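Undergrad: The structure's right below; bear with me while I get my questions together.
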Amino acid sequence: MRTLVGVMRLLLSPRWMVWHVLTLGAMVTCTWLAIWQWGRAGSAMGSALNVGYGLQWPLFAVFFGVMWWRFLSMEIADLRAAGAAGPGGTAGAPSAAEAPVAGSGTPVAETVPSAAAATAPASEPAAASASTSTVEPAVPAPPAGPSPFTSRPANAAPPRSTDPQLRAYNEELARLAARHREESTP
């Protein structure tokens, strides 16, 4: 009963309402396009290409429906797994491989038992509790140099090439650009 209430909350959540509307809109649009292509295939200007599109659009509509169902069933499975864990159970607790990640919506400061705690015998509860660790958020390493996505400083010059053919090509391009600037300036 509790899971059914959770599923209904999931289905009526704002995020899933948007997915319902988008999926239904995509399926209706694909159906309309299929009908239009079939009508076009029967007209004087129709061709086998229109028949192909008339068969293709319903497949797209089915694809949207299948993916909606797949994503929904994955969410419901996650909901049921969390419900099976209960308020104090560990059935839904993440393993070390599924540790929470910063930005995933899961609190990062949870304690996850290490592999040593999972293999420790039950007679050593103190050792098992001492081997729990706190998962730290993954912090990306700082870039080695300047970011390629920002503008270069005005005084930065591109590195000189050691390839003589590439250097001659770049010099020719610079000469042509200078000639173009001279000709276009009144």
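Undergrad: For a protection proxy built on the mean count of beta-carbon atoms within 10 angstrom, sort 164-171, 23-30 highest first, please.
TA: Order by mean packing, descending: 23-30, 164-171.
Undergrad: Could you tell me the center-to-center distance, by alpha carbons, between segment 28-47 and segment 146-186 in angstrom?
TA: 53
Undergrad: Hey, any idea what % of segment 1-80's accessible area is carbon plus sulfur with a 1.4 Å probe?
TA: 76
Undergrad: On the first, second and third principal axes, largest extent first, how far apart are the outermost C-alpha atoms of segment 7-79 in Å?
TA: Cα spread of segment 7-79 along its principal axes, largest to smallest: 53, 18, 12 Å.
The values are calculated or read from the model by the stated rules, or taken from the named source; none is laboratory data. Fair warning: this is a prediction, and the values are worked out from it, not measured in the lab. Cβ: placed from backbone, ideal geometry, glycine included. Neighbour counts: every protein chain shown. With ligands, DNA and RNA removed, areas are computed over all heavy atoms of the protein, side chains included. Shrake-Rupley method; radii C 1.70, N 1.55, O 1.52, S 1.80 Å.
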